[in-house]
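The values are calculated or read from the model by the stated rules, or taken from the named source; none is laboratory data. Source: prediction; values computed, not measured. Don't worry about glycine lacking a Cβ; one is built from the backbone with ideal geometry, like all the others, and counts go over all protein chains shown.
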Amino acid sequence: MLTYTIDLNPFVQLSDRQFEQLCENHPDIKFERNHRGELIIMSPTGGETGNRNASLVVKLGIWNDRQQLGYIFDSSTCFKLPNGGNRSPDLSWINRESWEALSQEDREKFPPIAPDFVLELKSTSDNIKDLRDKMQEYQDAGVKLGWLIDRQGKTVEIYRQNQQPELRQSPTKIDGETVLPGFELDLNVVW
């Protein structure tokens, strides 16, 4: 996936509404904005990454349907993070109480909330440094648990609040800890 980062700040600072209008006017382009206000333009994912992302959504969705603890979101959902970024994780989850505390209007637009859990799946063309920066931005915004999965390197980086990322080499399973209680991901669907 090709990613372009453009710093418009020397020329213009997009308001939240202007960013939303940019996204609405160009629905075929995936935009994000980092906490520094830089505009990020991303190309669509390839088939292998898209297939694995879909499998991950299904796995988390089955667990969520059984547990009824919250809501899951796919990669087309853009969140307005508390630190100013507008980000779209490959997969995310928010606990029921937090999501239902938002107004209906806030739920309809880019929800002004940090998910409790995010997952980023590295595609072959992704830059690992950019993804690590994104994971740190999530953590700084209040995300409690994040997984950065690198299929090619067979690694998982686990991000937790107020901790250094944990690197696991070729794990066969990872669990949702206290954020996603009882959720366990068999990484054979990824590798």
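Considering only segment 71-128, how many residues are part of a loop (DSSP other than H, G, I, E, B) and among the charged types (D, E, K, R)?
Counting residues in segment 71-128 that are part of a loop (DSSP other than H, G, I, E, B) and among the charged types (D, E, K, R) gives 4.
How many residues does segment 136-154 contain that are closer than 14 Å to residue 79 by Cβ and either acidic (Asp, Glu) or buried (at least 22 other Cβ atoms within 10 Å of the Cβ) (or both)?
Number of matching residues: 5.
Out of 5, 49, report the one residue that is in contact (Cβ under 8 Å) with a residue 12 or more places away in the chain, among the polar types (S, T, N, Q) and part of a strand (DSSP E or B).
5
For segment 56-71, which residues satisfy the criterion of being polar (S, T, N, Q) and either modelled with pLDDT under 90 or crowded, with 17+ Cβ neighbours inside 10 Å (or both)? Step through it out loud before you land on a result.
Narrowing segment 56-71 to residues polar (S, T, N, Q): 64, 67-68.
If the condition is that a residue be polar (S, T, N, Q) and either modelled with pLDDT under 90 or crowded, with 17+ Cβ neighbours inside 10 Å (or both), then 64 is the only one that fits.
So is residue 139 of a type outside the set (A, V, I, L, M) and in a loop (DSSP other than H, G, I, E, B) or not?
Values: of a type outside the set (A, V, I, L, M): yes; in a loop (DSSP other than H, G, I, E, B): no.
No, not satisfied.
Which members of segment 145-191 meet the condition of being charged (D, E, K, R) and in contact (Cβ under 8 Å) with a residue 12 or more places away in the chain? Even if it seems obvious, please write down each step before you answer.
First, pick out the residues of segment 145-191 that are charged (D, E, K, R): 150-151, 154, 157, 160, 166, 168, 173, 175, 177, 184, 186.
Within segment 145-191, 150, 151, 154, 157, 160, 168, 173, 177, 186 qualify.
Taking interchain pairs and intrachain pairs at least six residues apart, which have beta carbon atoms under 6 angstrom, with the first residue in segment 62-80 and on the phi < 0 side of the Ramachandran plot and the second surrounded by fewer than 17 Cβ atoms within 10 Å (Cβ to Cβ) and in a loop (DSSP other than H, G, I, E, B)?
Every condition considered, the pairs that remain are 80/112.
For residue 85, work out the one condition from (1) touching a Ser or Thr at 6+ places or on another chain (Cβ under 6 Å); (2) surrounded by 20 or more Cβ atoms within 10 Å (Cβ to Cβ); (3) at pLDDT below 95; (4) of a type outside the set (Val, Ile, Thr) it doesn't fulfil.
All conditions are met except number (1).
Applying the selection to segment 19-41, what residues are surrounded by 14 or more Cβ atoms within 10 Å (Cβ to Cβ) and either assigned to a helix (DSSP H, G or I) or at pLDDT below 85 (or both)?
Passing the criteria: 19, 20, 22, 23.
Would you say residue 5 is closer than 20 Å to residue 128 by Cβ, crowded, with 19+ Cβ neighbours inside 10 Å and not small (Gly, Ala, Ser)?
Spelling it out, it is not the case that residue 5 is closer than 20 Å to residue 128 by Cβ, crowded, with 19+ Cβ neighbours inside 10 Å and not small (Gly, Ala, Ser).
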